[in-house]
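Enquirer: What follows is a structure written as structure tokens; I'll ask about it next.
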Amino acid sequence: MNHTIADKLSPITCFSINSTNVEIQEHLSTINQPFVFLTKDDELYAYIYLDDLYRSRGKGSELTASILEDYVIPISNVGEWKQGKPISLPFIFQVLGEHITLIKNEEDEFIGYIRREDALVELFRQDNQNINLLKVMLSSIPMGVFVIDSDKKIVNCNESGLKMIKSTYQQIINLPAGETFNQADIDKAFSTGETLLNQIHITDDMGVLVDYSPILNEKKQVDGMIIIVQDLPMVEEMAMEIEYVKDLNTDLNAILATMYDEILVVNKNGELLRHSEKFIPDFWGVDDLEELVGKNLMEFEEKGVFSPSVARLARDKKKKVSVVQQTPSGKSVLAVANPIFNEDGEIHRIIIASRDITETKKLKSELRETKRLSKNYKEELEKLKSKDDFANKIIYCSSKMEQVINRTKKLSDFDSTVLILGESGVGKELIANTIHLEGNRSEKPFLTINCGAIPEDLLESELFGYTKGAFTGADAKGKVGYFGQADQGVLFLDEISELPSRLQVKLLRVLQEKEVTPVGSTKSIPVDVQIIAATNRNLEKMVEDGTFREDLFYRINVIPIQVPPLRERPEDVPLLAFNFIQQLNEKYEKNYHLSPEALNLLEVYDWPGNIRELQNLIERLVVTADDNVISAEFVNQSLRFGESKKVKPMITGILPLQEAREHLEEQLILLAMKKYKTTTKAAKALDISQSAVSRKYQKILQKQEK
Amino acid sequence: MGYDEMITSPCDGVIEQICVQENCRIYEWDSLFKIRTSDGDLETVSLGLSGLLRSLEVYVGEEVISGMVLAYIAEDLVVSGSD
């Protein structure tokens, strides 16, 4: 046993608690120690601090066992110090907590006790790391602890604290605490004696959360201070979390604001709890919805601010309700109220999402009106378009024309090359147009070129195109020819007979190879074009004469369509005349019509200019007529039947003599037959024999039959 | 809630019949709802437009008031019907 402890060791004086009162008195009167021990059933079980006992009871007072029971302290609380055993920190606390420490010998027997102060002196005297009590205590705490004395200087601290303030013991010890921590907070805690909690202290070097806890002495005066420091990262984390929630709130508000003009949260009574930042102006009659928080929104309906209250409806119906609310100022707001139920199935909250639809409503009605108008315009356009169609329509009732049209319709399903034959003015282009419109290329271009109307050199570049710099005066960028432009579509070559022989070769190549070579280029470009050619000349004859290439003729004469001249189908004349007159009537808002006699007269006319002539004549009649009814006499004046006999026939273009002769003869015979009905009378008018008229007329009819 | 067209009740009353279903097409001439008004009259609700009925907001027997949304319709952009 340690020498010093032995010096301080006091013997254990004890008696049984079961002693009589007299015995107890005797025991106590003999004890000169401050502590007396009690046994029960021969076991040491408690001690009494006699100073305490005598202080409250008075020395010499009569003490019984039951009184003593109130002052006994069980020895189970008392630290037992056994020589040779290592001392732990909790043991030191045990020593601190009791008046005495029991000492045991190596045989585990109580040999006495020492008082607390003696035990502590002994413990601190021992050179033991563990015994650096305060240090161990302070370093065991995961927070920074700084001990400040009454001069507000730092007198002690722990490692955690030094880490947090990023300093060393030597640097801060004995320094005024105000240099490290907040002077104002320290002063405040010193002056008031109250603890200051959670003070955020941020400098360039550190960020900490500080508690200032004053140490009070017995007189309740501030004697010093404990400063508890917590690292801010933890606090930062919390702060960041709060920031995140705030952000989330902002985002949510922004999202809600884009979806709705206003969102309100009310409780089951209709009192406003929350609202979106955005709100519908001029609806509630307030400048800020914040003014309405806590107010019952249903009352606004009663006040007549708007109607109806969607919150009331949702509450009553216990389901989602959508309503168009109207304000006296004419505002329309679509409000959707969604009740939220608690676990008991009762309404907990009602969410009201509103949208100002005043503008939308206005725009919708405007849109509807615009739609109605555009529908009308569309109908008008359709009417006009169909009128146009009417103008382009092929009008006929003759079986000859019907055959032609049937053939046209049949072949429009194919891409075959078509040759339209017929006199000038019979409507060859119209037929070509019909083939295009009825066929599968109707969505693609339809281009027309009159081969007889363009000079040879120009025609070549027009048809096939040219590359840049092909010739002087050409477009610098080059040009896509008609074939190129009509790719996928239809190219109508009118007056194909007028195509110069050099170009006939080039056209033949296009038809055979399905590719064009622009002027000035050596490269061929593939093209997909349906060719429709037309002529009023006898191509077969031209081939015979060597003016039209035979190979080209056969190449274009794949599907020939012979359009009969008007004189061969007089039954179409009244229909066409009626149609033309109607077109003019509509155009000029007139009401002209032909007398039946006038129509008869038109029917017997020869119409060398065919439909074009008829159309022009009708226009002339309408323009010059004085009366709405156009009489036969008036028509006769324009046609000049009588004079026609005397006037010598006029040919305006050069054509082979034989062809002209045949043509003239044919016309004369037909005209005579139409007018006089019999061959005899016709023969007389023509001044040839009846048999000649009969023969020639039969021949003409046979030709027409073909 | 998009920019759909909505059908609102023209009167106060009780929904007596719903002639359409959700996600079905409606046309300009369709009768959509029949509402028994508080006066006892039967009011037929129809809308001069065609489209897809996106959602029904009421049920048969439900009390409605003027302005209450009965259904939302995604309106056709082109006129489907003819006069």
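Enquirer: Using a 1.4 Å probe and counting only protein heavy atoms, how much accessible surface gets buried when B and A come together, both sides summed, in Å² to the nearest 100?
Expert: Roughly 1800 Å².
Enquirer: Calculate what fraction, in whole %, of the accessible area of region A:251-325 sits on carbon and sulfur atoms when a 1.4 Å probe is rolled over the protein chains.
Expert: It is 49 percent, rounded to a whole number.
Enquirer: Per the 1.4 Å probe, what fraction of the accessible area of region A:134-237, in percent, lies on carbon and sulfur atoms?
Expert: The value for region A:134-237 is 50 percent carbon and sulfur by accessible area.
Enquirer: Here is a further query. Taking the convex hull of the Cα atoms, report for region A:279-396 its projected area averaged over all directions, in nm².
Expert: Approximately 13.0 nm², given one-decimal rounding.
Enquirer: Given a 1.4 Å probe, how much area per residue of region A:656-706 is accessible, in Å²?
Expert: Computed with neighbouring chains in place, this is 70 Å² per residue.
Enquirer: After finding the eigenvalues of the alpha carbon gyration tensor for region A:393-561, what semi-axes result from the square roots of 5 times each, listed largest first in whole Å?
Expert: One finds semi-axes of 28, 18, 14 Å for region A:393-561.
Enquirer: What share of Cα pairs, in percent, lie more than 19 angstrom apart in region A:3-131?
Expert: Working: 4124 of 8256 pairs.
Across region A:3-131, Cα pairs with separations above 19 Å total 50 percent.
Enquirer: Quick one: accessible area per residue over region A:393-561, 1.4 Å probe, rounded to a whole number of Å²?
Expert: Here the per-residue accessible area is 49 Å².
Enquirer: Determine the residues within region B:1-38 where the difference in accessible area between the chain on its own and the full set of protein chains amounts to at least 30 Å²; count protein heavy atoms only and use a 1.4 Å probe.
Expert: In region B:1-38, residues shielded by partner chains: B:M1, B:Y3, B:E5, B:M6.
Enquirer: Also, I was wondering about something else. Given the whole protein assembly as supplied and a 1.4 Å probe, what does the accessible area of A:T370 come to in Å², nearest 10?
Expert: 80 Å²
Enquirer: Please compute the contact order of chain A in relative form: average sequence separation of alpha-carbon pairs under 8 Å and at least six residues apart, divided by the residue count, as a percent.
Expert: RCO, chain A: 6 percent.
Enquirer: Tell me the label-point distance for the pair A:Q512, B:Q17, using the 7 Å Cα-to-Cβ offset, in nm and rounded to one decimal.
Expert: That separation, rounded to one decimal, is 7.8 nm.
Enquirer: Let me ask something additional. Tell me, what ³J(HN,Hα) does each residue in region A:193-209 have, in order and in whole Hz, if you take phi through Karplus 6.51 cos²θ - 1.76 cosθ + 1.60 with θ = phi - 60° and put x for Gly and Pro?
Expert: Couplings: x, 9, 6, 9, 9, 6, 8, 7, 10, 10, 10, 5, 8, 8, x, 9, 9 Hz.
Enquirer: So what are the ³J(HN,Hα) numbers for region A:275-283, from phi and the Karplus equation (6.51, -1.76, 1.60; θ = phi - 60°), rounded to whole Hz, Gly and Pro as x?
Expert: Those phi angles translate into 7, 6, 5, 7, 8, 7, x, 6, 9 Hz.
Enquirer: In whole Å and largest first, what semi-axes does the C-alpha gyration tensor of region A:134-237 yield when each eigenvalue is scaled by 5 and square-rooted?
Expert: For region A:134-237, the ellipsoid semi-axes come out as 20, 15, 13 Å.
Enquirer: May I pose another question? Give me the extension gain from A:V22 to A:D545: residue separation times 0.36 nm, minus the current Cα-Cα distance, reported in nm with one decimal.
Expert: 171.0 nm
Enquirer: For q = 0.05, 0.09 Å⁻¹, what log10 I(q)/I(0) does the protein assembly as shown give under the Debye formula with an equal point scatterer on each alpha carbon and no solvent?
Expert: -0.68, -1.01
Enquirer: Explain nothing, just the number: relative contact order of chain B, from Cα pairs under 8 Å at least 6 residues apart, as a whole percent. All intermediate terms of the calculation are to be shown ahead of the outcome.
Expert: On the way: 194 pairs, mean separation 32.2, N = 83.
Averaging sequence separation for qualifying contacts and normalising by length gives 39 percent for chain B.
Enquirer: Put a dot 7 Å past each Cα toward the Cβ at A:E589 and A:K699; how far apart are the dots in nm?
Expert: Once both label points are built, they end up 5.6 nm from each other.
Enquirer: If you roll a 1.4 Å probe over the heavy atoms of the protein chains, what accessible area per residue do you get for region A:134-237, in Å²?
Expert: Computed with neighbouring chains in place, this is 57 Å² per residue.
Enquirer: Mind listing, in residue-number order, the residues in region A:334-382 that have at least 40 Å² less accessible area with every protein chain present than in their own chain alone (1.4 Å probe)?
Expert: Residues losing area: A:L334, A:R355, A:K364, A:R368, A:K371, A:K375.
Enquirer: Shifting gears a bit: When the solvent-accessible surface of protein heavy atoms is calculated with a 1.4 angstrom probe, in what order do A:M298, A:M143, A:M259 fall, highest first?
Expert: Greatest to least solvent exposure: A:M259, A:M143, A:M298.
Enquirer: Moving to a separate point now. Take peptide B:55-67, look around each residue's Cβ out to 10 angstrom, count Cβ atoms belonging to other protein chains, and average those counts.
Expert: Partner Cβ neighbours, averaged per residue: 3.
Enquirer: If you average 1/r over all unlike Cα pairs in chain B and invert the result, what Kirkwood radius do you get in angstrom? All intermediate terms of the calculation are to be shown ahead of the outcome.
Expert: Details: mean 1/r = 0.0779 Å⁻¹.
With all distinct Cα pairs of chain B included, I get 12.8 Å.
Enquirer: At q = 0.20, 0.26 Å⁻¹, what base-10 log of I(q)/I(0) does the Debye formula yield for region A:565-647 when every alpha carbon is treated as an equal point scatterer in vacuo?
Expert: The calculated log intensity ratios at q = 0.20, 0.26 Å⁻¹ are -0.86, -1.41.
Enquirer: To continue, here is another question. Could you check the simple spin-label distance between A:N557 and A:L363, using points 7 Å along Cα→Cβ, in nm with one decimal?
Expert: 6.8 nm
Enquirer: Using only the heavy atoms of the protein chains and a 1.4 Å probe, how would B:W29, A:W81 rank by accessible area, largest first?
Expert: Descending order: B:W29, A:W81.
The values are calculated or read from the model by the stated rules, or taken from the named source; none is laboratory data. Since this is a predicted model, take the numbers as computed values, not measurements. Backbone-built Cβ (ideal geometry, glycine too); neighbour counts: all protein chains shown. Areas reflect the complete protein model, heavy atoms only, side chains present, ligands, DNA and RNA absent. Shrake-Rupley method; radii C 1.70, N 1.55, O 1.52, S 1.80 Å.
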